[in-house]
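Reading through the structure tokens given below for one structure.
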Amino acid sequence: MKKLLYLLLCLLLLIGGAAVTAVWLINPEQFKPLIIEQVKAYTGRDLQMQGPIRFTLFPRLGLSLEKVALKNPAGFPAGDTLAFGEASVDLALLPLLDHRVEAGRLKVSGVRLSVITLADGRTNLDGVLGTAAPAQADATTPAATTAGDDTPAYHFSLDGIDFTDGALNIEDHLTGKQWLLRDVSLQADALALGKPIAVALGGRVQAPSGTLRLASQAKLTLSQALISLDDWQAEVAMTGPQVPLLLQQMRLAGQLRYQPADKRLQWQSLDVTAGPWHCQGELSLQQQAIPVVRFALRSPAFDTAWLASQQDQAKPAEGKGSPATKATAPAQEPDLSALQGVDLAGTLELDRLQLANLPFQQVALDLTLQNGILEWRKLSARLFEGQLMAPGRLDSRQSPAHLSLQPRVQGIAIAALSKALLGKSPLTGRGQLDGTLVAQGVTPDALRRTLTGKLALQVTQGAVRGVDLPALLRQAKAGIKGLLGGEQSQGETAFSTLGAQAVLTQGDVKVENIKMISSLLEVTGAGRTHLVKENLDFKLDATVVGELPGLGDLKMVTVPLRIGGSWSKPQFSVELGRLLESKAKALLEQQLLPSGSRPKLSNPLKGLLGN
């Protein structure tokens with residue numbers, strides 16, 4: 001037994017000595033031409049290997065490379081598709097006897113990957129990922145094992161990956177844009193095709209519009225037709241003058257699926273938190289000459305007050321300037337040219353949307369974006385117990401953009417709406433609004449200056465607050481003339497229905513066919529206002545049709561009213577001269593002449609009343 005042990009020990013020493021001798025005698029540099037030739041045969045690319053190749057045989061078979069670069073194919077700008085500064089990996093020796101290739105961790109530093117998309121849609125990765133080898137490789141590549149081949153197949157496994165100091169350069173000649181990803185780090189657990197791999201990725205993206213920092217983790221599954229990321233979580237920080245506040249801090253989660261053949265990315269079980277906003281749903285992106293985006297998103301709530309508060313906090317950091325100039329200068333129209341480079345369609349649902357003082361509920365949006373035309377066939381919401389619908393269209397091909405809208409409101413509580421918009425409730429009741437509007441531009445200032453179209457308003461079972469028409473008529477009857485001091489009374493004028501039509505022309509509003517009906521009064525008239533100047537100029541005729549205390553002698557007499565001033569300070573007046581003239585005409589017609597035989601009096605009291 002002792003002799004057998006000595007024999008085995010001598011055999012191991014001989015094998016070890018042979019291995020050490022082989023390492024010393026075999027020059028790894030002689031394999032460079034073979035490696036370069038095989039890469040050329042498989043990919044059609046040139047491979048540069050400027051650094052040394054190193055081998056180790058004990059205790060594990062190891063390989064390390066330095067300064068390796070895979071060149072871009074013909075037809076692309078000169079440069080490297082993939083390069084790295086240093087890479088190393090090792091293999092366990094004994095598992096090779098059992099047809100198992102068990103590799104240790106792959107360590108790579110200084111990785112540089114450049115992805116270039118030409119105007120015809122070709123990329124410099126087409127010859128490396130997802131395509132078959134060229135025909136000339138068939139003669140040198142070993143044939144696949146057939147059913148009659150008894151040679152056992154090798155099973156491959158990799159302990160993991162450590163990437164450090166990586167960079168990714170993306171050039172898209174379709175859009176003329178470029179992105180640079182720096183400080184890339186990637187750690188992955190044991191790697192095997194078809195099995196989930198725990199991965200962690202971090203990096204920094206630089207673009208003309210700003211900088212993005214990313215830290216993410218997921219379970220990666222690789223196959224020839226599909227790349228999957230399950231349980232994906234990421235934290236994103238974006239900075240830059242053009243980065244919206246909502247996107248500066250985000251948390252993302254979901255399941256990602258990428259199909260290399262179709263260049264399509266699907267984001268399933270999407271979960272996004274951006275500022276106070278939380279959103280879930282589905283999204284897909286397909287790379288084409290014009291990227292195709294499809295989505296279905298749902299959010300429980302969103303409040304724009306957060307954006308306003310963040311903007312207020314950022315104002316002191318904007319630097320010194322002329323506050324007066326900034327306050328009066330009109331807002332610039334946003335650059336919407338990017339809308340012409342996206343094919344987008346999808347739906348968005350929000351349970352609650354707080355837009356300034358307007359608490360929308362059950363918001364539903366269905367929109368499409370093609371050739372720079374953003375169209376929403378459905379935009380509906382609940383607002384102040386009523387229903388709002390406003391389909392529309394935005395044409396970004398023009399500058400400023402052309403906006404068209406068809407608003408329709410049913411059953412809305414007018415008092416609550418006016419309180420939210422104006423800070424007070426001059427009108428109450430249930431309202432209905434129908435209209436067609438167009439405008440040039442999307443800023444509030446542009447909308448006020450260019451809004452054109454038609455609106456029809458109908459309000460039921462309400463009141464006009466701040467003006468008591470019966471009291472105003474009693475004051476006029478008592479001989480009070482003029483504007484009554486320009487102050488509004490504390491009363492109100494109730495009505496059963498109030499209707500009007502408005503014609504808008506470049507911010508000027510011509511209101512016609514005003515008609516208010518109640519059991520006591522009927523009011524008709526017309527007037528004008530302006531969305532920028534906010535002035536009022538209305539002429540109304542009020543007729544007493546019911547029994548009002550102290551106004552019995554004015555029954556069926558038309559009382560001329562005038563409304564002037566501004567939206568914030570309306571002023572009401574009665575034209576007393578016309579009132580007395582109307583009363584005199586009524587008396588003459590009712591008392592002096594028999595019915596059916598009296599002539600028409602044009603103005604019998606003219607000169608006596610001074611009007």
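Provide the per-residue ³J(HN,Hα) series for segment 122-127, in order, calculated from phi with Karplus coefficients 6.51, -1.76, 1.60 and θ = phi - 60°, each as a whole number of Hz, with x at glycine and proline positions.
Taking θ as phi minus 60°, the curve returns 6, 10, 6, 9, 4, x Hz for segment 122-127.
Quick one: how many Å² of residue 342 are accessible to a 1.4 Å probe, rounded to 10?
Looks like 40 Å² after rounding.
Residue 271 accessible area, nearest 10 Å², 1.4 Å probe?
About 40 Å², rounded to the nearest 10.
May I ask you to give the average projected area over all directions of the convex hull of the Cα atoms of segment 169-238, in nm² rounded to one decimal?
Values: hull surface 23.1 nm².
For the Cα atoms of segment 169-238, the hull's average projected area reads 5.8 nm².
Quick one: grab the alpha carbon gyration tensor of segment 187-299, order the square roots of its eigenvalues as a ≥ b ≥ c, and give me rounded if a/c is under 1.5, else prolate or oblate depending on whether a/b is larger than b/c.
Values: a/c = 1.59, a/b = 1.38, b/c = 1.16.
The shape class here is prolate.
So what J values fall out for segment 347-352 if you push phi through Karplus, 6.51 cos²θ - 1.76 cosθ + 1.60 with θ = phi - 60°, rounded to Hz, Gly and Pro as x?
Coupling constants for segment 347-352: 10, 9, 10, 10, 5, 9 Hz.
Per-residue HN-Hα couplings for segment 195-212, Karplus 6.51 cos²θ - 1.76 cosθ + 1.60 at θ = phi - 60°, whole Hz, x for Gly and Pro?
10, x, 10, 6, 10, 9, 10, x, x, 9, 9, 10, 9, x, 8, x, 10, 10
What order do 424, 71, 219 take when sorted by accessible area (1.4 Å probe), most exposed first? Provide the component values of the computation, followed by the final result.
Details: 424 80, 71 50, 219 100 Å².
My answer, sorted largest first, is 219, 424, 71.
Using a 1.4 angstrom probe and counting only protein chains, how large is the accessible area of residue 107 in Å², to 10?
Number for this one is 110 Å².
So what's the net charge close to residue 178: Lys and Arg +1, Asp and Glu -1, counting the other residues with Cβ under 10 Å from its Cβ?
Numbers: positive: 177; negative: 171, 172.
Summing Lys and Arg as +1 and Asp and Glu as -1 gives -1.
May I ask you to rank 389, 516, 556 by accessible area, largest first, using a 1.4 Å probe over the protein chains only? Provide the component values of the computation, followed by the final result.
On the way: 389 60, 516 15, 556 115 Å².
The ordering from most to least exposed comes out as 556, 389, 516.
Could you tell me how far the Cα centroid of segment 365-398 sits from the Cα centroid of segment 54-117, in Å?
Taking the Cα centre of each part, segment 54-117 and segment 365-398 sit 53 Å apart.
The values are calculated or read from the model by the stated rules, or taken from the named source; none is laboratory data. Just so you know, these numbers come straight off a predicted model, no measurement behind them. FYI the Cβ positions are ideal-geometry reconstructions off the backbone, even for glycines, and counts take in every protein chain you see. Note: accessible area is taken over every heavy atom of the protein model, side chains too, but ligands, DNA and RNA are not part of it. Shrake-Rupley method; radii C 1.70, N 1.55, O 1.52, S 1.80 Å.
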